[in-house]
Structure formats: structure tokens, C-alpha cells
Amino acid sequence: MAETIDSVFRDFNTPGNPGSGDYEPEKPRIRALLRQLQGQSGAAVTRNTLASLQAITPPSENYMGIVLDDPDAENNGYYYRQANAWVKGRGFPDTFARVELSGSATAQTGLVGSGVNPADIDVFYAFVDVDNTGPLTLTIHGEPPREVVNLAGNPLAAGEWTGTVMFALRDGRYQLLLDAGSAASAAQSASKAGNSASIATTEADRAVNAAQSVVARAWFKTAPSLFADNNQIIGYAGSGADFEVVAGDVVRTEEEGFVFLVAASDAGPFDKDSNPNGYHRENVGGVKFYVVPSKGAITARQFGTVGDGVADDAPLLQLAGDVAVHLGVRLTTDEDDIHFLGGQVDFFRVPGCDLQAAFLYGDGDMLPVKMRADSRNRHDYTLRIRSIVWSGATGEGSERTLPNQPMLQLVGLKNTYVHIGNVDYVQLYADSNDPATTSLAYCNFYFGQNERLEFATNPTPDGTPIQWINENRFFGGRFRRVIIGGTYTHNHNIWYSPVLERDTLLDFKVGQSNRLLEARLENTGIVLNFDAGTSNNLITQSWTSTPRDGIEPHGLNVTVTDAGIGNQVIRDRMAFVDRVIMFSLPYGPSNLASATSQFGVVGANLTKSGRGWTAAVGTLFTSQWIKCKAGAGFDINSDGPVWGYRIQFYDAAGNLVTSAADPGLLSAAGQNWDAANSRYIRSGFSSLPSAVMITTNEGWCTIELLSQSATPFQSLEVVGLVPFGADYTTLGSMQPKF
């Protein structure tokens, strides 16, 4: 049986327990216990040197050996027993180890700490005192010289071994893990070359990527403190600054988390055309920097914008936009900032903007913000503009003054998502002067509160209308002026749920097949205009403040002028009804000679109506009884200069309705109740349609059509309106019933 310490060396006394009491351990049991412990334990032998460990023969092969500080660092580590000998298992791995460097610009020697085996190190780091001038070899701890290569695996170029370096052993060579020195040098060389844009972009990208993770040479509290430093904290060699910097060093700011890459002291300034790889910012002490993006974006504050609503931030915003284009990253602004614009900023081909700051300007004759793209390409960018404010604006609502020029002009966008908050005057523009911006299409616009939205183009020298704004989608927005103008028939743009509220003008000067769906036409003074040349545009109204004002397509608060073809303004209810031709005199020669010649209608035309309408003395035509119910209605129209109608209602039993309140008939303005004859009448029309909606329960009605002028008719029509999908018999078969 297995022995235990408590059983072999027991010393307790328990009355009535013969196994208790004073007990002297028996030697055989002691030996058995010790052998058991010896055989089951994984004991270790620890010595300072390998020679000392090899002098030990453990009692079993389960023992482990540890060598701590042998003169040969390669002997340090963990050992196990095999065939009655000590065998090394592995050394003591070090994740990081500092290397003290010495030597020349082409061959250097490195020493690690006492007892550290270079073969056991994952990552080395060192502070370089002598920069390389070309390919470099490194010998660490007496091992053979090894080649040093950069992050891409290529031999070092001059200046790549500089500042703080981190490297690892890979495939027999030391390879840099951070390549900021190489990137800065390459970017500087590319900027001097000037004509190699593709190479410059590649090297700039390397600089950006490397600087993101490199250890900072210096930290500043904020970006303004960095820009204001006058060789007190950082400076180039000989400046007397606390930290001397060279090209490739990284400087960071604590509060904003900004990263800057030091440029060479002789670098030239950035210019998007002549020097796209020049430095971006220079502080008071003359240290030059590249702005480093974070998460695919740069922010205006990295360029020194003030954002107090007073200092002119336009030049620095323009610089930020141009650099964003060169680096291929988004541009952002801080929501707490107010950027005053003393001049125009033109963001051309910026691959995405998130402008959460407010923009303020004072010159109403200046176009402050342009956002342009190359319309020959599809971008899939997102542009966000929170607010642009003109300080000269006065009044509110329809009395609010607008500047003479647009506040935001969008040019040449394709496949772009645009979010516009509070901008009073927005212009969509197609520019014939630039082949890159002749169209604007396939975009999604999300609007907030905007007083004026304008489509505009400029003509080509020969007048050819090649500038088009088509196939865009607009969501939301509160507008007071929407002007569709220019030289091209902009088509198939669709608005979803816009608000056109009080004293609003929607002016289609040009345009075909555009749609405003679920438009809220609220309050009075709304004017919808379609000029000659417009066609097949549609506006559907979703809400009106006077729902019982008849079924005119657009209600009483809306004025429509239409010189185009096929344009429509209707309510949602009209969009969801079916139309049944009850009676129609087709367009053609004069059908009526005079007001006293009611029987002068061409018989063939009357027959074509096919709905049982008959000529009647004193009127033009009288219908048979028409079955009707709530939800149905009639649309009555003619080109006659003066004409009218009479409608009488009967209940389900055929009794004449004698009170105006009973039928629940709603119509356009001008309809009157003729109490003497128990009928609704309307007369004195002048070539205008009239629409009637029935809200009574199921019953019957008759309709009379009459003329009050000697001028002949050319068309006359009664259209029955029934709820979409309803049985056509809702309006009866036009047969006599009583």
C-alpha cells in the first residue's frame, strides 16, 4: 500500500482507537515513503555553470537541470536527463533585448547584456549613433557578421539605419521591423525628383505606414504647442533643442493623438502640382513635418486650423484637402470648430469628407465651398457637410435673405453619398469647361434644412447641351426654392418625402421624367411651375392641412402652371385610384355650334361614349343613374371656354337627397348648392378641370353637362375614380334604375 507522511509519522492519541497512540516510525516504512517521494517527484538541480551541473548525478532520471550564468551564454538554459547525461532543452528566451552599437557607417558591432544569448532573442532594439551610408553588416556578441535589410527585405539605402531601430533575425539576416528612416528618405528623394508621381506616392505611403507604429522621438501636449515650439523641445542638429531630430523621426501629440513625421531640413513645401511630396507643416523653430493619417483620414487640426470663427482657416483647409488627395485619404474636421472662410476652398477629388465643423463666411458674392470630383469615374465616396453659415443672412422662413452665390457647389460627383445639414443655398453643377466635371449622376443626397436647391450648368461655346444632372436620388429636406435649370433636360432624378412649406417655389425650367414622391405641400403660397420643354415630371402630395377641400390633384393651397407635356401633380389618393372613362367626346372638329344648338353633336362621337349618356333639352348631356359610394369620385373636364355641371344625389332607396349636408359631396372651389332643385352646380369654368369626391354611403347620382358659351367644344370628358383594385360596378352600369 502507498505510504503517507501522516500514517508513518502519526503522533495523535484517540481513546478507543487502537491505531492511535504514541508511535515510533519503523525504518522499513520510512524508507518506503522516501523511495515513493523520490520516484514521484520532478526535482531540479540549479547551478551557475554547465560544468557544475555535469558534476551532479541525480538519484533519478526525472530530474531537471538549470544553468544560470555560464561564461558561455549559449550554455545557459534548461536541461533534462537522457542516457545518464545532462542534455540542453532550450535557452532562456528574451522577447526584447537592447543592443549597444559601435562601429562605422557600413559595419557595426552590437553587445547584449551579460548572460543573454542572441539566439534566444525575439526582437532587438538599439539607439543608432552612426547612421549608415549604404549596405550595412552587424555582428552581435561575436557571431559572424550578418547583413541588415529593410522592411521590404532589401539592402539598406543611406539613412535607413537611423534614430531608434528595431529588428529581428530572419533567414540569417537582421531585418528592420520599423522602416521610418527609409520612408522619410525615399519620400524626400521622390519630392526632389518631381516628375515621378507614382514613385512618390509609393514612398509616401511607406512613410505613413511606418510612422504609425514607430516609437516617438518626442511628445507634445497639443498640436498648437508643437507648432509654437521654437527649438526649445525639438530642433535639427545644432539648434540647441532638448531633442535633436532628423528626417524620419516621429513626433506625437498627447491630447489629439496626432502623428507627425519629421522631414529633412532642406525639404521644400508641399504643392499639389509642382511638389506633391513636400513637407506639410513647419513650426516656429523651422522643423518641418509630414502629417500622418490615422484610420484612413487626416484632420484639419493637424494642419494648424484655429476653428474660432475669427481666424481665416481657408488656406489651411485648402492645404489639408490637397494633401488628402495626394495621400488618398479622407478629410475630417472637428465638430467643436467654427472655420471662418476668408476665401474659397475647393475640395477637388478628395476621397471622402466628414466635415462636422461649422463653416462661417461674410462675403455674399463669394462661393465659399466647392466639392468637385472627376465625373468620368465612379467614386463610392461619402461627403458630409454639417453647416455653412453666411453672416449676412437676415430674417427667418420665407423672409430669410440668401447670398448672391451658392454656399455649397457640388460638381461632377458620381456614385457619391452626400449628407448636407444646414446649408441655405446648395447648387448642383455640371461644368462644360472641364471634361472631368460635365455631369453629376448616380448619387444619393440626404438633406436637412435647405432654403434653395439649384440645378445649374454652363453652355458650351457652341451651345451644345452636354452638361447633365441625371439619375440621382434625394432623401428628405426642407426647401423653399428648388430650381431645375441649365441647358440640359436633366432627367430621372427622384426625391423621397421632401417638404415644400409655405411660400415655396418649385420651378422646372428644364427636365424630363423627374419624380417628387410623398411631397409635403404645406400651408399657402406654394407654386409649382413647369416651363415649355419639360415633360413627364410627376409630383405626388402626401399631406395637406385641408383634407376636405375636394379632390383637385393638389389641393387649394397649391398653384400649378404647366407649359410642358405630360407633367402631373397629384395627391397620394389620386395615385392609388383606378380611372374609368364614363363619357368622352374625343378631340376633333367642333362638336357644338352654339349654346342654343344642344343637338348639334356629331352622332358618331356620341355613340363612341358607350356609356348611355343622352342629349337633353336645356343641357348638353344627362347621365342615367350612376351607382356610387364613399371613396368614389369624378374628374370632369373640357376645353370649352365656359361650361358647367349639375349633380343630384339619391339614397340607396332612390329618394332625392334634399340637404347639402346629407350627400357629403366635396368639390373644388366654385361649386354651389342649389337648394331649390336639390343639386350641386358649378358653372363659369374657363377651360379648367373640376374634381368631385363622394363621401356619402352607397347611393345614386345623375350628372348633367352644359355649355354657357357660343364657342364650340372640342373635348368633354367625365372620368370615374374608384379606389385601386375596387369593383368597377362601384360606379354602376349607367342603366336606368327607377
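Quick note: the coordinates plus some simple rules give every number you see, no bench work behind them. Since we're looking at a predicted model, the values are computed, not measured. Please note: Cβ atoms are built from the backbone with ideal geometry, for glycine as well, and neighbour counts cover all protein chains shown.
Under the simplified labelling scheme, the residue 422-residue 344 pair shows an inter-label distance of 2.6 nm, with each label point 7 Å from Cα along Cα→Cβ. Highest mean first, the peptides 469-481, 401-413, 335-347 sorted by other C-beta atoms within 10 Å per residue fall in the order 401-413, 469-481, 335-347. Residues 375, 497, ranked from the fewest to the most other C-beta atoms within 10 Å, line up as 497, 375. Computed extension gain for residue 295 through residue 51, at 0.36 nm per residue and net of the alpha carbon distance, reaches 82.3 nm.
Fully extending the segment from residue 557 to residue 90, taken as 0.36 nm per residue of separation minus the present Cα-Cα distance, adds 159.1 nm. Normalising the Debye intensity of segment 40-128 to I(0), with uniform scatterers on Cα atoms only, and taking log10 at q = 0.11, 0.19, 0.25 Å⁻¹ returns -0.41, -0.84, -1.17. Taking the number of Cβ atoms within 10 Å of each Cβ as an exposure proxy, the fewest-first ranking of 704, 74, 26 is 26, 74, 704. For segment 362-575, the calculated P(r) over all alpha carbon pairs, in 10 Å bins from 0 to the bin holding the longest distance, is 8, 34, 37, 18, 3, 0 percent. Taking each residue as 0.36 nm, the span from residue 27 to residue 415 lengthens on full extension beyond its C-alpha to C-alpha distance by 130.4 nm. The Cβ shell under 11 Å around residue 356 holds other residues with a net charge of -3, Lys and Arg each +1, Asp and Glu each -1. Label sites at residue 542 and residue 475, each approximated as a point 7 angstrom past Cα along Cα to Cβ, lie 1.3 nm apart. Projecting the Cα atoms of 66, 156, 144 onto the charge dipole of segment 42-162, computed from C-beta unit charges around the Cα centre, puts 66 farthest toward the positive end. Going from the residue with the fewest nearby Cβ atoms within 10 Å to the one with the most, 419, 492 rank 492, 419. Each label point was placed 7 Å from the Cα along the Cα-to-Cβ direction; for residue 68 and residue 111 their separation is 2.4 nm.
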